[in-house]
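In what follows, a single structure is set out as structure tokens and then discussed.
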């Protein structure tokens, strides 16, 4: 289960990381880029960094839940249902297409 979660986390982080890299590379490779386009690219970088930050916070929360020292509770069906529900909620939140920058 942990291996699958690590694979999913790596996959989810790859998209915003590559987007940020691409936008910054375009800015660096085009010093004469119009200011409005440069601003747009920087806003997209900011939005993607916000997405990455949220993913990392969610991953941290899930890791803490997984590491709880509650073995008697972990073996219960109730615990599994709670964990499955929370993991699904985080996954759904991360797949919404709301990446508008809060900065204008």
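Numbers below:
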| read-out | value |
| --- | --- |
| Subset of segment 76-104 (residues that are in a loop (DSSP other than H, G, I, E, B) and either modelled with pLDDT of 65 or more or under 13 Å from the mean Cα position of the chain (by Cα) (or both)) | 76, 95, 96, 97, 98, 99 |
| Test: residue in segment 39-53 that is in contact with a helix residue (DSSP H, G or I) (Cβ under 8 Å, 6 or more places away or on another chain), at pLDDT 95 or above, over 26 Å from residue 7 (Cα atoms) and not in a loop (DSSP other than H, G, I, E, B) | yes |
| Residue in segment 62-70 that is touching a helix residue (DSSP H, G or I) at 6+ places or on another chain (Cβ under 7 Å), modelled with pLDDT under 65 and outside any helix (DSSP H, G or I) present | no |
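The values are calculated or read from the model by the stated rules, or taken from the named source; none is laboratory data. Since the model is a prediction, treat every value here as computed from it, not as a measurement. Heads up, the Cβs are rebuilt from the backbone with ideal geometry, glycines too, and the neighbour counts pull from every protein chain shown.
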